[in-house]
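Student: Quick one: the structure is below, questions incoming.
The values are calculated or read from the model by the stated rules, or taken from the named source; none is laboratory data. It should be emphasised that the depicted structure is a prediction, and the values quoted were computed from it without experimental measurement. When we count neighbours, we look across all protein chains shown, and the Cβ atoms used for this are built from the backbone with ideal geometry, even at glycine.
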Amino acid sequence: MTKIGKSQKGQIASLDFLIGLSLVILATGFMLRFMEFQGYDAKESVSIAELRAVAETASDLLVSNPDWNCRITSALGGAPLMSLSNCLTNYSKSRVTQAGLGIPATRYGCRITDGSGSVFLSSACTASPPANADDIASEDRVVNLVNVDGTLNVSKQTVENCMSGADTAACVPKSLRVRVWRT
């Protein structure tokens, strides 16, 4: 039987220590790499969530802002009774602004199109997204477009006819798509 001398025991212990240290360094490297990926993923998720929130807010304001929604008027004197959500007139299309939709002009671009892909508004959100846009958030809404020019006021009778489908010439349902991207 051979005996291991002091120098051989020390060499084995040193070799074990070096292998153990290498494994600890390797595990630490994997852990740091994983944390880096997690951080990047979290940052990307926040960025996408922010973009979606801007698009959702813009689409909500498009269909609910009293500054450009139809104003129902009474038959007696034509006094405005209330603002009607999801109702726009031809005049509304020129009143909508990007700021009114809650979209900051300095950091975001937007485009609002109808079901055929044509630009819907004449006053805002007419730009096309750049070809290199990383993320584009999109929200769809349906509105009633009332064929009234020069005013937001719509008679109660016209609104009732639109909702019942009795007057398809004065009222056209439109599917709108609001798209928002970072510039």
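Student: Among the numbered criteria (1) buried (at least 17 other Cβ atoms within 10 Å of the Cβ); (2) at pLDDT 90 or above; (3) of a type outside the set (Asp, Glu), which single criterion is violated by THR57?
Tutor: (1)
Table: residues versus (1) in contact (Cβ under 8 Å) with a residue 24 or more places away in the chain; (2) under 16 Å from GLY115 (Cα atoms); (3) in a strand (DSSP E or B).
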{"site": "PRO129", "(1), (2), (3)": "yes, no, no"}
{"site": "ALA137", "(1), (2), (3)": "yes, no, yes"}
{"site": "VAL143", "(1), (2), (3)": "yes, yes, yes"}
{"site": "GLN157", "(1), (2), (3)": "yes, no, no"}
{"site": "GLU160", "(1), (2), (3)": "no, no, no"}
{"site": "LYS174", "(1), (2), (3)": "yes, yes, yes"}
{"site": "ARG177", "(1), (2), (3)": "yes, yes, yes"}
{"site": "VAL180", "(1), (2), (3)": "yes, no, yes"}
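Student: Something else: When the residues of the stretch 74-105 are narrowed to those that are assigned to a loop (DSSP other than H, G, I, E, B) and among the hydrophobic types (A, V, I, L, M, F, W, C), which ends up surrounded by the fewest Cβ atoms within 10 Å (Cβ to Cβ)?
Tutor: Only one residue fits best here, namely LEU76.
Student: Something else: Can you work out which of the residues in the stretch 99-140 that are touching a Gly at 6+ places or on another chain (Cβ under 9 Å) and not aliphatic (A, V, I, L, M) is nearest to SER59 (Cα to Cα)?
Tutor: Residue satisfying both the conditions and the ranking: CYS125.
Student: So if I check each of ILE19, ILE25, which one is farther than 30 Å from ASP140 by Cα, at pLDDT 90 or above and not basic (Lys, Arg)?
Tutor: Numbers: ILE19 fails: at pLDDT 90 or above.
Answer to the check: ILE25.
Student: Sticking with this one: Exactly one of (1) touching a residue at least 12 places away in the same chain (Cβ under 8 Å); (2) more than 23 Å from LEU81 (Cβ to Cβ); (3) out of contact with any Phe, Trp or Tyr (no Cβ under 8 Å at 6 or more places or on another chain); (4) surrounded by 12 or more Cβ atoms within 10 Å (Cβ to Cβ) is unmet by TYR108. Its number?
Tutor: Of everything listed in (1) touching a residue at least 12 places away in the same chain (Cβ under 8 Å); (2) more than 23 Å from LEU81 (Cβ to Cβ); (3) out of contact with any Phe, Trp or Tyr (no Cβ under 8 Å at 6 or more places or on another chain); (4) surrounded by 12 or more Cβ atoms within 10 Å (Cβ to Cβ), TYR108 misses just condition (3).
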